[in-house]
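Worksheet for the structure shown next.
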DNA sequence: TATTTTTGTTCTACTTTAGTTCTTTTTTGG
DNA sequence: CCAAAAAAGAACTAAAGTAGAACAAAAATA
């Protein structure tokens with residue numbers, strides 16, 4: 001029957017003519033099929049014409065017509081589609097993106113947004129996670145920059161030295177390193193321009209522990 | 001099938017004959033399609049007749065007949081399919097993880113590994129990408145730490161100020177900010193303990209541009 | 001019917017887009 | 001490792017698109 005490339009091309013031609021009413025050009029086809037040169041498209045089309053899946057007017061632009069479609073998919077195409085589906089089901093996980101973390105609002109107050117952030121499944125295995133955009137430079141010293149997205153594992157306790165989302169007085173959420181000292185808690189920024197805050201433990205609530213970080217350039 | 005102009009004209013002819021009961025003149029068509037001369041319309045009509053979408057009585061005014069129209073998918077179906085595609089856009093894709101970038105080996109020498117790294121599709125749309133583990137602290141100043149994974153877009157040229165994977169003398173690959181100064185290239189680390197390297201452009205090959213960064217905190 | 005107006009046809013010239021052909025390079029499978 | 005197939009790339013040729021003008025045939029109308 002057809003080779004995977006032939007199949008892919010035929011389906012593409014069929015799809016675009018049915019959707020737009022006009023036939024794609026060789027250049028458009030080469031992009032769709034993933035080739036870098038039109039000459040490959042030419043060969044594929046010759047093959048499809050020979051096998052009577054296409055009809056063409058030679059030397060005319062965009063003058064192809066689909067005669068028939070194959071009843072069988074090449075197994076390589078089936079495999080590829082299955083792989084994509086698996087990727088869809090397994091690898092992708094969406095976690096809520098709660099907005100910016102800075103001074104001000106506690107996380108849960110803005111938890112009703114439905115922004116989502118997609119992360120690899122491995123990054124959020126075993127636990128509940130959410131994402132936050134970092135605002136400000138108070139953690140610059142350990143490579144957490146303004147605009148980064150941090151992925152936080154929900155937790156209400158943390159170990160000394162963990163980077164946590166800490167809610168102070170039920171109204172202000174920040175990302176800081178935490179350290180317990182007896183009845184008090186230290187919230188330690190990682191930037192010399194900021195002061196360590198020392199608070200009674202009762203005023204600080206841990207809302208999660210930093211699990212990973214994603215940054216986009218440009 | 002048809003070229004975009006042919007399609008547009010055919011649809012116009014079909015629409016106006018259905019609405020007004022008579023066929024538009026060449027002048028009306030040229031205005032509708034956006035041409036300044038009737039001769040183009042003539043050519044388009046000849047093509048449509050050849051492809052058996054129109055029938056005409058030669059030398060008669062307004063004597064065209066639409067034989068058939070390209071059969072399109074209902075737009076509802078197209079919308080449905082687009083939705084499915086969007087779902088795939090949210091899927092994860094795997095890109096090759098080429099190992100550590102530091103001093104020593106060029107990237108391509110270790111490209112035969114089959115480690116993979118999963119990232120959201122949005123992060124790697126339009127281009128070829130690969131992932132590298134960062135080794136060393138030479139870029140600490142802009143928040144790129146030892147052990148981070150960087151996602152690199154393949155490219156062989158870069159703009160001043162881009163963070164790039166640079167291959168020096170075909171044997172040593174590093175992640176640095178790049179700056180061109182006439183015949184020379186500066187490779188700028190972001191850590192005061194490291195020196196800027198100034199090299200003739202011929203010794204430096206760009207292998208990719210930093211696109212995003214992922215960090216895991218155990 | 002004669003005349004005017006509308007409309008279609010033809011031609012030339014030029015630019016852009018698209019298809020074809022061929023050679024070289026890369027990839028693949030035995 | 002080699003041969004065959006696939007792909008890339010460049011060069012080339014043809015068609016499509018654009019415009020303008022001139023003209024011929026048909027339609028309108030006086």
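The sole residue among B:48, B:72 that is away from DNA strand C (no atom under 11 Å from the Cβ), crowded, with 16+ Cβ neighbours inside 10 Å, closer than 21 Å to residue A:66 by Cβ and within 13 Å of another protein chain (Cβ to nearest Cβ) is B:48.
If a residue must be within 8 Å of DNA strand C (Cβ to nearest atom) and within 12 Å of chain A (Cβ to nearest Cβ), how many such residues does the stretch B:1-38 contain?
Step one: filter the stretch B:1-38 for residues within 8 Å of DNA strand C (Cβ to nearest atom), giving B:3-4, B:23-29, B:37-38.
Keeping just the survivors that are within 12 Å of chain A (Cβ to nearest Cβ) gives B:3-4.
The qualifying residues number 2.
Looking at the stretch A:52-70, is at least one residue modelled with pLDDT of 90 or more, part of a helix (DSSP H, G or I) and under 20 Å from residue B:3 (Cα atoms)? No, the conditions are met nowhere in the stretch A:52-70. A single entry from A:150, A:134 fulfils the requirement of being in contact (Cβ under 8 Å) with a residue 40 or more places away in the chain, more than 10 Å from chain B (Cβ to nearest Cβ) and under 23 Å from the mean Cα position of the chain (by Cα): A:134. Of all residues in the stretch B:1-27, exactly one satisfies the criterion of being within 10 Å of DNA strand D (Cβ to nearest atom), farther than 15 Å from residue B:51 by Cα and not in a helix (DSSP H, G or I), namely B:22. Select from the stretch A:51-67 the residues that are more than 13 Å from every other protein chain (Cβ to nearest Cβ) and touching a strand residue (DSSP E or B) at 6+ places or on another chain (Cβ under 9 Å) and list them in ascending order. Hit for the stretch A:51-67 is A:53, nothing else. Among the residues making up the stretch B:177-218, those that are within 14 Å of another protein chain (Cβ to nearest Cβ) and in a strand (DSSP E or B) are B:177, B:178, B:208, B:209, B:210, B:211, B:212, B:213, B:214, B:215, B:216.
How many residues does the stretch A:163-186 contain that are within 29 Å of residue A:217 (Cα to Cα) and surrounded by fewer than 17 Cβ atoms within 10 Å (Cβ to Cβ)? Total satisfying the criteria: 1. The condition of being touching a helix residue (DSSP H, G or I) at 6+ places or on another chain (Cβ under 8 Å), in the same structural domain as residue A:120 (by TED's automatic domain parsing) and either away from DNA strand C (no atom under 16 Å from the Cβ) or modelled with pLDDT of 90 or more (or both) does not hold for residue A:41. Once the stretch B:159-171 is narrowed to residues that are under 18 Å from residue B:132 (Cα atoms) and touching a strand residue (DSSP E or B) at 6+ places or on another chain (Cβ under 9 Å), the residue that is farthest from the other protein chains (Cβ to nearest Cβ) is B:170. Taken across the stretch B:92-101, residues that are within 14 Å of chain A (Cβ to nearest Cβ) and at pLDDT 75 or above do not occur at all.
The values are calculated or read from the model by the stated rules, or taken from the named source; none is laboratory data. As the structure is a prediction and not an experimental result, all values here were calculated from the model. Cβ sites come from the backbone with ideal geometry, for glycine too, and all protein chains shown count toward neighbours.
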